[in-house]
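One structure below.
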Amino acid sequence: MDGLGRETVDSLGTTVDDLVAIGRLLDSPRLAHIWFTLHVEGNVVVEESDSNPFLWDGITVSELLEYLDGDIPQSTLYNDMDELEEVGAVEIASEGQPMGYKANFFQAEAENVDKVGDGSLIGLQIIALVGEAYTDEAVQEFLDEYGHSLLNDVLQIYVASVQGRLERSFVEMFPEADEEDVEAVVPAIERVLFEMSRDPLWGYDYRDELSTLSGE
């Protein structure tokens, strides 16, 4: 422990502060949507510019608005960025005007995260999928009906299906959920996997597998 909230809680080095940030992102699809967009686009910008990530000035609110395609009013986004900074999900990369922001990366063992069952890692994927609930009613309805834990299970099993590691029908894996409800969140999962594939720091590209599944 090296300060209030900085004690680690698992083998990944996750801190109490990290859990607070993860919990807030899982509670708010809009904040999760903003955080994931900032995370991916920030990594893409750094990679394409070949700039030193430690000297990078971050993404401004105006730039982030463009990446969000007008999903969120500017005044709301400013307030959201303040909240994300307060909970430690983002940090200010540049104090100039306008300020630049970058997203902090999180990963935790599921047993330490409220709302999600044991047995998996909680991080970029599920936070991004919760963020889809901000614009995709099917994801929000799934969360309301079945909760975060089952949504995470659906996500992980679908990834296994995309990678060819599943020997049975994807939708048959969830007897506790209506098959139509499971199928309804698949487009959102695919959008998340596509965006993650654009992230140069993720290290895995799902796009070929997704194209094969869609028959393209």
- line: Of the residues in the stretch 91-110, those that are among the charged types (D, E, K, R) and either free of Cβ contacts under 8 Å to residues at least 60 places away in the same chain or in contact with a Lys or Arg (Cβ under 9 Å, 6 or more places away or on another chain) (or both) come to E91, E95
task: Output yes when any residue across the stretch 177-198 is farther than 27 Å from N112 by Cα, touching a residue at least 40 places away in the same chain (Cβ under 8 Å), in contact with a Phe, Trp or Tyr (Cβ under 9 Å, 6 or more places away or on another chain) and not in a helix (DSSP H, G or I), and no when none is.
output: no
statement: Of those in the stretch 92-110 that are outside any loop (DSSP other than H, G, I, E, B) and open to solvent by 30 Å² or more (accessible area, probe 1.4 Å), the residue modelled with the lowest pLDDT is E109
query: Quick one: would you say P200 is at pLDDT below 95, closer than 22 Å to V40 by Cα, open to solvent by 20 Å² or more (accessible area, probe 1.4 Å) and under 19 Å from the mean Cα position of the chain (by Cα)?
result: yes
- prompt: Among the residues of the stretch 145-153, is there at least one that is within 19 Å of R30 (Cβ to Cβ), among the aromatic types (F, W, Y) and either open to solvent by 20 Å² or more (accessible area, probe 1.4 Å) or at pLDDT 90 or above (or both)?
  reply: no
Tally, over the stretch 63-91, of residues that are assigned to a loop (DSSP other than H, G, I, E, B), open to solvent by 70 Å² or more (accessible area, probe 1.4 Å) and farther than 21 Å from V44 by Cα: 1
query: Given the structure, is V116 within 30 Å of T15 (Cβ to Cβ) and touching a strand residue (DSSP E or B) at 6+ places or on another chain (Cβ under 6 Å)?
result: yes
query: Looking at D136, is it over 23 Å from S149 (Cα atoms) and out of contact with any Pro (no Cβ under 6 Å at 6 or more places or on another chain)?
result: no
- request: Specify the residue that is modelled with the lowest pLDDT; the eligible residues are those in the stretch 26-62 that are open to solvent by 30 Å² or more (accessible area, probe 1.4 Å) and acidic (D, E).
  value: D50
Checking Q125 against (1) on the phi > 0 side of the Ramachandran plot; (2) touching a residue at least 60 places away in the same chain (Cβ under 8 Å); (3) in a helix (DSSP H, G or I), the condition it does not meet: (1)
- line: Filtering the stretch 119-128 for residues that are open to solvent by less than 10 Å² (accessible area, probe 1.4 Å) and out of contact with any strand residue (DSSP E or B) (no Cβ under 9 Å at 6 or more places or on another chain) leaves a count of 4
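The values are calculated or read from the model by the stated rules, or taken from the named source; none is laboratory data. Just so it is clear, the structure is predicted and the values come from calculations on it, not from any experiment. A quick note on method: Cβ atoms are made from the backbone with ideal geometry, for glycine too, and the neighbour counts reach across all protein chains shown. Just the protein is used for accessible areas: all its heavy atoms, side chains included, with ligands, DNA and RNA removed. Shrake-Rupley method; radii C 1.70, N 1.55, O 1.52, S 1.80 Å.
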